[in-house]
Amino acid sequence: MQKNLIRWYQENHRDFPWRQNENPYFIWISEIMLQQTTTEAVIPYFERFIKTFPTIQQLADASLEDVYKLWEGLGYYRRAKHIHETAQIIAEQYHGVFPTTYQEILSLKGIGPYTAGAICSIAYHQSTPAIDGNVLRIMSRLYLLKDNIALTKTQKKISDIVAKLLTGYDSSAFNQGLMDLGATICRPLQPRCEQCPISDFCLAFKSNQQKVLPINIKNIKHKEIHYITGIITYQDQFLFIQNPAGLLENLYGLIQYEQESPYRFIEEFEQQYEIPLSIVSHITDIKHVFTHRTWQMHVYHFVLSQPIDGLYTLEEINQLPISTAHLKVLKAFLKNRD
Ligand code: SF4
């Protein structure tokens, strides 16, 4: 798997100005700029920044206003402030030379584990994982991990897996390979598995669950209810049930359970209806705000193996009184399907 990924990266990597050499200063600036911004938008900012401040010392000697000026339009100005402060620390404590150990780099202002890992692996070829959303998604799919990637313990587990995978391989090409794979092939909604260099090793692909994973359900906030909401189909029909008493009484709606994963949804459904259900894909996440509560609906498509009461065609659904929240969900599903 590692060899396939590294070879693919070497042959297909995207060309960016910060990939022209292994200067840790350039890698640092690019990684900070890329934190909230797309690569295309970052390129001109990066080029201007490096042209104005070709060395850390020149950045440290500049005024904060000059740094802000170059940052104008990128947003999140705290990043620019941290970059300036860190350049001054490096100038004073490290004689203007970028530090070389993971711990030293991690201790700098505005640098977290991902950025420290990226710098150490790309600039110094150290075996440090660089775990961001792309890597969490790829690893979840590769290993069919059903854990919620929003949780710290899952992120730690994935970081440990990547650390093992890296050992003995070119960590720079491996980490950057994962970055490029996540951006171009193993994308969040429509992964291009047929073009993927590591599909032979991917358990989600083998079991057709690449559109379900990763499970990414953020912490439940006050008055916010997280549901797994099921678009349950049988051939060209959709399952809708009439709500009993309570919120949205008598309106028709989709089945949803307050569960943490679509796999638990299946368990609860099968317990209630005694009919097997298979999972097809993650459709989207939709928020619906009522007066007193917010629904966070994590929408998944499931299929029934046999018919059941409550199945309706789209024409029939048009005649039913359906809650706005679930109408939104159905529209998102149909749009996604088209
Ligand atoms: S096979 Fe598909 S799901 Fe698996 S890593 Fe490749 S693109 Fe991602």
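Please report, to one decimal in angstroms, the Kirkwood hydrodynamic radius of the chain built from all distinct Cα-Cα pairs. All intermediate terms of the calculation are to be shown ahead of the outcome.
Details: mean 1/r = 0.0442 Å⁻¹.
Every distinct Cα pair counted, the radius reaches 22.6 Å.
Rounded to the nearest 10 square angstrom, LEU106 shows an accessible area of 50 square angstrom against a 1.4 Å probe.
Taking a ≥ b ≥ c as the square roots of the eigenvalues of the Cα gyration tensor of the range 224-337, is the shape rounded (a/c under 1.5), prolate (a/b larger than b/c) or oblate? Rounded is the answer for the range 224-337, as its axis ratio a/c remains below 1.5. Computed with a 1.4 Å probe over protein heavy atoms only, the accessible area of PHE240 comes to about 0 Å².
Give the value in nm², to one decimal: projected area of the alpha carbon convex hull of the range 73-131, averaged over all directions. Average projection, Cα convex hull of the range 73-131: 4.3 nm².
To the nearest 10, the accessible area of VAL97 is 90 Å² with a 1.4 Å probe. Residues in the range 47-63 carry Karplus couplings, in order, of 4, 5, 4, 5, 5, 6, 10, x, 10, 4, 4, 5, 5, 5, 7, 6, 7 Hz; the curve used is 6.51 cos²θ - 1.76 cosθ + 1.60 with θ = phi - 60°, and Gly or Pro positions show x.
What the chain shows is 50 Å² of accessible area per residue, with the surface traced by a 1.4 Å probe over protein heavy atoms. Straight-line reach from LYS146: taking Cα to Cα under 16 Å and skipping same-chain neighbours fewer than 8 places apart, the lysines in range are LYS156, LYS157, LYS206, LYS211, LYS218. Annotation: amide H of GLY96 within the under-5 Å range of ALA91, sequence separation 5 or more or interchain, hydrogens built in the peptide plane. Across the range 140-157, computed HN-Hα scalar couplings (Karplus, 6.51 cos²θ - 1.76 cosθ + 1.60, θ = phi - 60°) run 4, 6, 4, 9, 6, 7, 9, 7, 6, 6, 6, 8, 4, 5, 6, 5, 5, 4 Hz from first to last residue, x flagging Gly and Pro.
Calculated FRET efficiency, ILE317 to HIS292, Cβ-Cβ distance, R0 = 25 Å: about 0.35 to the nearest 0.05. With label points built 7 Å along Cα→Cβ from the Cα atoms of GLN103 and TYR76, find their separation and express it in nm. Roughly 2.8 nm, to one decimal.
Between GLU65 and VAL280, what is 0.36 nm times their sequence separation minus the Cα-Cα distance? Round to one decimal in nm.
Numbers: separation 215, 0.36 × 215 = 77.40 nm, distance 5.21 nm.
Once the chain is fully extended between GLU65 and VAL280, it gains 72.2 nm.
The values are calculated or read from the model by the stated rules, or taken from the named source; none is laboratory data. Predicted, not measured: the structure shown is a model, and the values here were computed from it. Virtual Cβ from ideal backbone geometry, glycine too; neighbours counted across all protein chains shown. Remember, those area values only see protein heavy atoms, side chains included, never the ligands or the DNA or RNA. Shrake-Rupley method; radii C 1.70, N 1.55, O 1.52, S 1.80 Å.
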